[in-house]
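The values are calculated or read from the model by the stated rules, or taken from the named source; none is laboratory data. From a predicted model like this one, the values you see are computed outputs, not experimental measurements. Heads up, the Cβs are rebuilt from the backbone with ideal geometry, glycines too, and the neighbour counts pull from every protein chain shown.
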Amino acid sequence: MNKLQLLINYSVNMKLKTIIILTLTVLSVVSISSCKVSQKKLEKQRLDSLLTRSKVELNSLLSDTCTKTLDEKEKTLATIKSYQLRNLEVGELINKTEKKLIGEKKAELEKEEVERQKKHNEELELNKVKKITKTLSEKLENNFQEIAEAENNSQADKLIRETLEYFITDQANVLIIIGEFNGEKDYEKPTTIIKYLNLIKDTRKSINKIEKIHYQNDKIKLLELKRK
Amino acid sequence: MKKYITVIILLTITLNLSAQELSPVRKQAMDSLALEKVRDLSKYISIIGNKDTDWSEANRVIERALELFMPESSIGVSTLSSNQIIYYQIAKYFERLMQLNYDKIKIEWYKIQYISDLIKQPDGKYVGVITIYQRFEGTTEEGIKYVDTTKKDITIYVERKTTQIDGIKVGFWDVLLGDIKVSETSR
């Protein structure tokens with residue numbers, strides 16, 4: 001009897017264990033399967049989100065109101081391309097954006113070239129003006145000295161007439177800087193070129209040097225002088 | 001407490017006054033400019049008085065010389081033969097100088113210097129006095145020479161003004177000469 005009882009107990013235990021093991025196995029299979037489904041769902045959500053964001057970004061890049069620099073636009077496009085999204089609409093947008101950015105790059109290079117050329121021309125013009133100014137300054141200062149040292153009035157007057165040829169009018173303004181103090185220039189009372197040349201003639205002294213020449217149509221409209 | 005307030009007020013006034021004063025270098029530039037104008041006048045007087053100067057040229061120089069003066073300024077004229085000093089309006093003086101009855105005239109100014117420094121007045125103008133010595137030498141047709149040396153005091157007015165020329169803000173010192181008084185006459 002006892003043996004029979006033991007056998008029955010053993011048989012019940014074994015069944016129970018089997019049931020438990022089977023239940024656990026079923027549960028883990030279901031769980032793994034459910035996890036896989038969840039992961040796929042998450043991946044899909046991520047891709048959908050990337051697609052939406054990429055479309056928005058690409059449309060923004062294609063818009064004329066986009067405020068990003070060309071460099072920033074290129075970086076954004078490269079990032080979107082790196083997602084390798086398999087979507088027809090995104091693919092088309094990427095193509096359009098690439099074409100647009102190539103155009104923009106070309107335009108920017110052309111603009112840079114125009115600006116470089118403009119700067120180069122300005123430098124050339126400035127150097128030309130500087131050279132002319134230097135030559136003219138030397139010529140004028142030389143004339144001033146010759147007027148001061150003229151042997152007689154007629155010689156001085158001849159030099160004055162010659163010098164006036166460089167000015168738009170004999171009434172062209174002359175400013176004489178007597179000093180610069182804390183960035184502020186002190187001038188003599190403004191005068192005209194005819195009066196200044198006559199002053200040199202009358203006083204027989206040329207005490208100022210040329211500081212700056214202001215031109216108008218290749219002639220001097222204003223002369224800035226400074227004490228030597 | 002009252003003492004402290006008084007000291008603070010005095011200090012503020014002193015600081016304000018010193019802030020308005022010109023730096024010594026700037027003042028020196030202004031002094032030199034005024035001296036330069038007196039030197040210019042000496043050249044003009046020499047040209048106007050010179051009998052070799054053309055009439056038109058003398059008139060041009062008179063115009064320039066008049067620009068150096070305050071309106072209504074006068075100049076004292078003395079002679080060795082009289083103690084009297086006659087004052088002429090500056091334009092009249094130049095006209096008279098041009099017509100002096102000598103065959104040759106030589107006028108020289110020397111020892112041009114300040115006897116009273118340029119000092120700022122309540123109206124903002126600077127006023128000073130520059131003294132000069134004038135040697136006059138006149139020779140008649142007959143070869144008779146008249147020579148005298150006169151010490152003259154010239155009142156100088158300097159005013160700060162600003163203007164705009166071709167877009168450039170120009171702050172300038174307007175130097176004008178006032179009355180010229182005779183202080184000594186000798187042989």
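In the set (1) touching a residue at least 12 places away in the same chain (Cβ under 8 Å); (2) in a loop (DSSP other than H, G, I, E, B), A:Lys105 fails one condition alone, (2). Checked against the criteria, A:Glu162 does not count as under 46 Å from the mean Cα position of the chain (by Cα), at pLDDT 95 or above and either among the aromatic types (Phe, Trp, Tyr) or assigned to a helix (DSSP H, G or I) (or both). The sole residue among A:Ile200, A:Ile160, A:Ile213 that is within 24 Å of A:Leu126 (Cα to Cα) and β-branched (Val, Ile, Thr) is A:Ile213.
Of all residues in segment A:144-181, count the ones that are touching a helix residue (DSSP H, G or I) at 6+ places or on another chain (Cβ under 9 Å), over 16 Å from A:Ile210 (Cα atoms) and not acidic (Asp, Glu). Number satisfying all stated conditions: 9.
All told, A:Ala78 meets the bar of being surrounded by fewer than 10 Cβ atoms within 10 Å (Cβ to Cβ) and part of a helix (DSSP H, G or I). When A:Gln171 is tested against the conditions (1) under 21 Å from B:Lys161 (Cβ atoms); (2) within 9 Å of chain B (Cβ to nearest Cβ); (3) in a loop (DSSP other than H, G, I, E, B), the lone failure is (2). Of all residues in segment B:73-87, those that are of a type outside the set (A, V, I, L, M) and either in contact with an Asp or Glu (Cβ under 9 Å, 6 or more places away or on another chain) or assigned to a helix (DSSP H, G or I) (or both) total 6.
Checking every residue in segment B:61-70 against the condition of being away from every other protein chain (no Cβ under 14 Å) and among the charged types (D, E, K, R) gives zero matches. Residues that are more than 24 Å from the chain's Cα centre (by Cα), at pLDDT 90 or above and either over 23 Å from B:Thr139 (Cβ atoms) or within 10 Å of chain A (Cβ to nearest Cβ) (or both): does segment B:40-51 have at least one? No, segment B:40-51 contains no residue that is more than 24 Å from the chain's Cα centre (by Cα), at pLDDT 90 or above and either over 23 Å from B:Thr139 (Cβ atoms) or within 10 Å of chain A (Cβ to nearest Cβ) (or both).
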